Amino acid sequence: MAEIATSSSRPRVLSGHAPHRQAAPGQLHGALANWVKLQDSAQYECYFFIADLHALTTDYADTSGIAPNTLEVALDFLAAGLDPKKCTIFVQSQVSSTTNCRCCWG
């Protein structure tokens, strides 16, 4: 059996943010600032995502805000200093394997 090649031998960081609304200042100075430090350290292989599927667990009654809020969160990520050349940024629903995610769908 062939071994699966990994892109890096560095430890991986994976974290996300649900697109409920625009990021609060505390999030910008807290989580996002720490994410930028992690990506800039080059010590970790960083993956940051917008958890639009997780937003369905609280915004199920009116999902109309999820798509525009997803864009706003992406802009917040970039404005805070996340650099797609240094980390991977993605939208959860755009990864086909997440549609079978048991953490979302029980």
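Counting only heavy atoms of the protein chains and using a 1.4 Å probe, residue 72 has close to 60 Å² of accessible surface. For residue 46, the residues whose amide H sits under 5 Å from its own are 13, 88, ignoring neighbours fewer than 5 places away on the same chain, with H placed 1.01 Å from N.
The residue among 42, 79, 63 whose Cα reaches farthest toward the positive pole of the charge dipole of the stretch 37-82, with charges on the beta-carbon of Lys, Arg, Asp and Glu, is 42.
Per-residue SASA remark: residue 71, around 100 Å² accessible (1.4 Å probe; ligands, DNA and RNA not included).
The values are calculated or read from the model by the stated rules, or taken from the named source; none is laboratory data. Bear in mind that the values here come from a model prediction, so they are computed numbers and not experimental data. Note that we place each Cβ from the backbone using ideal geometry, even for glycine, and neighbour counts take in every protein chain shown. SASA here: full protein model, heavy atoms, side chains in, ligands and nucleic acids out. Shrake-Rupley method; radii C 1.70, N 1.55, O 1.52, S 1.80 Å.
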